[in-house]
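For reference, the structure discussed in these notes is given below.
The values are calculated or read from the model by the stated rules, or taken from the named source; none is laboratory data. Since we're looking at a predicted model, the values are computed, not measured. With ideal geometry, Cβ positions are generated from the backbone for all residues, glycine too; neighbour counts draw on all protein chains shown. Just the protein is used for accessible areas: all its heavy atoms, side chains included, with ligands, DNA and RNA removed. Shrake-Rupley method; radii C 1.70, N 1.55, O 1.52, S 1.80 Å.
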Amino acid sequence: MKFTPPQLSVYFIAGTQDVSRPLREVLVEAAIGGITMFQLREKGSGSIQEEDKRLALALELKQVCHEYGIPFIVNDDVELALASGADGLHVGQEDLQAADARSKIGSSLILGVSAYTSEEAEQAVRDGADYIGVGPMYATRSKEDAKAVVGPERIEEMRRNGITIPITAIGGIAAEHVKTIISSGAEGVSVISAITAAESPEKAAAAFLAEIQKAAM
Ligand SMILES: C=C1C=NC(C(F)(F)F)=NC1=N
Ligand SMILES: [Mg+2]
């Protein structure tokens, strides 16, 4: 699936550790609500470690994504991304080097890279990233080893430094933050608990999409 920046608009990220019912159900509801991309981030306490179970989960969720016409991205695990035929891979600074990731997945897969500073952003561009994830914007409940909050100001700084690669903002984002984040120069927002902890993942996703559309006017 070809990467286009609008796919970054409402980027849902989750693993089984983030939900208390089948992740497939939550993903279907979020997709109905209007998410534009999904990342399977099966990581941290409570996540599935067995390779065969991880592959089965990835294949099941990829099928949902393709039914709704959205890209299916795998976090960190390049073997799982390749084995499941994912549309892309996302790597953090502490993971596989982005340049190595790009050489392993080839030029047709989407490559996302976490970037905390302008220097890391520039390196990600050199390494062949299609987008970068910048954060944490606000205090986050989803990442056990999150760095200090940088806020939308960091995105503004990257744009001032001439960084033009598509950016998704991540970390503690709620629908009311979207306008500020898009104004700072991001193409979209990435969310975990704003959708996984919502009473209705469908309504939560729809609210993010509505805010994105308002910000684009
Ligand atoms: C740690 C992460 C940072 N950013 C992103 C994304 F939003 F996809 F860019 N995903 C991650 N897993
Ligand atoms: Mg990572």
Contacts under 7 angstrom Cβ, first residue in region 112-126 being more than 11 Å from ligand 1 (Cβ to nearest atom), partner part of a helix (DSSP H, G or I), 6 or more apart: SER118/GLU157; SER118/MET158; ALA121/MET158
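For region 32-46, state whether one or more residues are more than 24 Å from ASP130 (Cβ to Cβ), within 16 Å of ligand 2 (Cβ to nearest atom) and free of Cβ contacts under 8 Å to residues at least 60 places away in the same chain. First the steps, then the outcome.
Looking only at region 32-46, we keep the residues that are more than 24 Å from ASP130 (Cβ to Cβ), and these are 32-33, 44-46.
Going one step further and asking which of them are within 16 Å of ligand 2 (Cβ to nearest atom), we end up with 44-45.
With the extra rule that they be free of Cβ contacts under 8 Å to residues at least 60 places away in the same chain, the set shrinks to none.
No, that holds for no residue.
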Among the numbered conditions (1) within 16 Å of the chain's Cα centre (by Cα); (2) open to solvent by 50 Å² or more (accessible area, probe 1.4 Å), tell me where LEU111 comes up short. (2)
Tally the residues that are open to solvent by 70 Å² or more (accessible area, probe 1.4 Å) and not in a loop (DSSP other than H, G, I, E, B), restricting the search to region 27-53. 4
Among (1) without any contact (Cβ under 8 Å) to a residue 40 or more places away in the chain; (2) outside any helix (DSSP H, G or I); (3) open to solvent by 40 Å² or more (accessible area, probe 1.4 Å); (4) within 14 Å of ligand 1 (Cβ to nearest atom), which single condition is PRO136 missing? (3)
Some residue of region 54-75 being among the small types (Gly, Ala, Ser), within 16 Å of ligand 2 (Cβ to nearest atom), assigned to a loop (DSSP other than H, G, I, E, B) and open to solvent by 30 Å² or more (accessible area, probe 1.4 Å): no
